[in-house]
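*Asks:* Structure provided below as structure tokens; questions to follow.
The values are calculated or read from the model by the stated rules, or taken from the named source; none is laboratory data. Just so you know, these numbers come straight off a predicted model, no measurement behind them. Reconstructed Cβ throughout: ideal geometry from the backbone, glycine too, with neighbour counts over all protein chains shown. These accessible areas exclude ligands, DNA and RNA; they are computed on the full protein's heavy atoms, side chains included. Shrake-Rupley method; radii C 1.70, N 1.55, O 1.52, S 1.80 Å.
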Amino acid sequence: MQHIKSQKAALKVVVFSAQPYDKCFLNQISQNHFPSLHAEVVYHITPLSEESAPLAAHCDAVCVFVNDCVNESVLKLLYEQGVRGVFLRCSGFDNVDLKAAEEFGMFVARVPAYSPEAIAEFSVALMLTLNRRTHRAYNRTREGNFNLGSLLGFNMHRKTVGIVGVGNIGLAVARILKGFGCNLVAHDPYESDDFKVLGSYTTLEDLLRQSDIVTLHCPLLDSTKHLINRDLLKCLKKGAMLINTSRGGILDTAAVIDALKSGQIGALGLDVYEKEASLFYVDRSSDIIHDDVFQRLVTFPNVLVTGHQAFLTEEALTEIAETTFQNLQHFADGSECRNALVGGGAKTVK
Ligand code: NAD
């Protein structure tokens with residue numbers, strides 16, 4: 001194993017899409033738990049793109065989030081400037097061209113499983129809000145309107161919930177919903193014994209036919225892009241609720257809008273949106289939003305959209321920061337990194 005950088009040399013890291021909470025948690029973990037890494041961390045609120053890539057000039061690594069663009073041309077620009085590591089502060093890696101990173105000999109690592117309960121609990125919060133219409137009740141009582149019209153919900157107890165993708169998050173959702181007394185069905189190409197004690201596996205079509213609520217927890221891959229499309233939506237039980245806290249691209253949004261109009265979808269909860277990169281994480285309340293599909297979505301009374309915030313708990317941010325610095329430590333000292341997506345063996349900083 002070759003160490004070109006000495007242990008004492010600073011590891012220069014540029015954090016893109018850095019919100020104040022990222023800075024706070026990353027700084028805290030760096031100072032308290034990784035002082036020997038001597039990390040020099042620079043924060044930019046701007047997302048990583050071809051335009052912003054020069055901000056990483058002469059740095060060793062970039063640290064990115066869900067909507068940063070890490071395609072081949074961005075990786076090329078980063079590589080030419082000396083960057084050798086890409087550190088995701090998330091589990092999904094659909095925004096990174098892993099093949100290109102491998103060709104450049106770069107190191108890419110992620111945070112595979114931070115606080116799955118954070119996302120699971122948020123998914124259930126969307127279900128309960130849409131079901132019992134607490135978002136509408138909140139507005140009504142603030143305006144002195146105590147009429148209960150259109151606020152009729154249903155008991156979760158004994159309803160069937162279909163979970164698409166039973167990994168860390170899907171399993172955490174299943175465990176919570178078991179406590180509500182729901183019947184659970186799931187679809188996943190890889191079956192797990194942990195789920196089999198809570199419910200049963202079935203095909204995606206059958207899951208859609210049976211479920212009163214469908215919740216998506218699979219990753220966005222080529223094979224899952226528009227997994228929930230116009231044809232499959234025809235299998236959905238009329239009026240069922242659909243929840244997506246995974247990645248926007250798993251749903252065909254145009255087909256979903258048509259299914260809302262026809263009443264095939266009875267309620268929709270989204271924490272993610274196909275074209276969220278040009279909208280989320282910025283205050284656009286004084287802007288004219290040009291995305292007409294998004295604007296149509298938010299006009300439905302039975303649709304609740306949040307701006308990719310399911311991860312936003314103290315516990316999740318702490319784990320993201322800890323794992324990110326562990327990954328950086330492996331990158332710096334060349335030790336094996338089990339969270340690496342590319343180049344996880346003996347890699348050095350430069
Ligand atoms: P995971 O890898 O533990 O689980 C994903 C599961 O999906 C696996 O069991 C896998 O076999 C399954 N799967 C793959 N292809 C499938 C298909 N075609 N149909 C059904 N299942 C399929 O991942 P996780 O930690 O549970 O996270 C799931 C996703 O949640 C991530 O990929 C990410 O996109 C998203 N996420 C969102 C937030 C947020 O803040 N909204 C935060 C973290 C993760």
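*Asks:* Report Rg/Rh for the chain, rounded to two decimals, where Rg is the Cα radius of gyration and Rh the Kirkwood radius.
*Replies:* My calculation puts Rg/Rh at 1.00.
*Asks:* Here's something else I'd like to know. Within the chain, what is the longest stretch that has no chymotrypsin sites (Phe, Trp or Tyr not before Pro) placed in a DSSP loop and near at most 10 other beta-carbon atoms within 10 Å?
*Replies:* The reported range is 191-350.
*Asks:* Name the residues whose placed amide hydrogens come within less than 5 Å of the amide hydrogen of Asn183, ignoring near sequence neighbours (fewer than 5 apart) on the same chain.
*Replies:* Answer set, sorted by chain and number: Arg158, Lys159, Thr160, Val161.
*Asks:* Treat each spin label as a single point 7 Å out from the Cα along the C-beta direction, and report the Ser285 to Glu80 distance in nm.
*Replies:* Spacing of the two 7 Å Cα→Cβ label points: 4.2 nm.
*Asks:* Follow-up question, since we're still on this one. Whole-Å semi-axes of the stretch 245-335's equivalent ellipsoid, largest first, each the root of 5 times a Cα gyration tensor eigenvalue?
*Replies:* So the three semi-axes of the stretch 245-335 are 34, 15, 13 Å.
*Asks:* To continue, here is another question. Explain nothing, just compute: Karplus ³J(HN,Hα) = 6.51 cos²θ - 1.76 cosθ + 1.60, θ = phi - 60°, for every residue of the stretch 218-227 in order, whole Hz, x for Gly and Pro.
*Replies:* With the stated coefficients, the stretch 218-227 comes to 9, x, 8, 10, 4, 6, 10, 4, 6, 4 Hz.
*Asks:* Pick out, in residue order, every one of the trypsin sites (Lys or Arg not before Pro) in the stretch 236-307 that is DSSP loop and has at most 13 other C-beta atoms within 10 Å; say none if there are none.
*Replies:* Counting only loop positions with at most 13 other Cβ atoms within 10 Å, the trypsin sites (Lys or Arg not before Pro) in the stretch 236-307 are Lys238, Lys275, Arg284.
*Asks:* What longest region of the chain stays clear of GluC sites (Glu not before Pro) that DSSP places outside H, G, I, E and B and that have at most 13 other Cβ atoms within 10 Å?
*Replies:* Between exposed loop sites, the widest span is 192-335.
*Asks:* Turning to a different aspect of this structure: Which helices pass in the chain if a helix is a full DSSP H run, must span at least 15 angstrom along its long axis by Cα, and must have mean Kyte-Doolittle hydropathy not below 0.0?
*Replies:* 116-132, 168-179
*Asks:* Contour minus end-to-end for Arg140 and Thr203, with contour as 0.36 nm per residue of separation and end-to-end as the Cα-Cα distance?
*Replies:* Length gained between Arg140 and Thr203: 18.6 nm.
*Asks:* Too long at a 30 Å Cα-Cα cut-off: which of Lys76/Lys225; Lys237/Lys275; Lys178/Lys275?
*Replies:* Exceeds cut-off: Lys178/Lys275.
*Asks:* Which ³J(HN,Hα) values, rounded to whole Hz and listed in residue order, are derived for the stretch 47-52 from phi using the Karplus coefficients 6.51, -1.76 and 1.60 in 6.51 cos²θ - 1.76 cosθ + 1.60 with θ = phi - 60°, glycine and proline given as x?
*Replies:* x, 6, 7, 4, 5, 8
*Asks:* On average, how much accessible surface per residue is there in the stretch 57-169, in Å², for a 1.4 Å probe, leaving out ligands, DNA and RNA?
*Replies:* 45 Å²
*Asks:* A further question follows. May I ask for the equivalent-ellipsoid semi-axes of the stretch 111-241, computed as the square root of five times each C-alpha gyration tensor eigenvalue and listed largest first in whole Å?
*Replies:* Over the Cα atoms of the stretch 111-241, the ellipsoid semi-axes are 28, 17, 15 Å.
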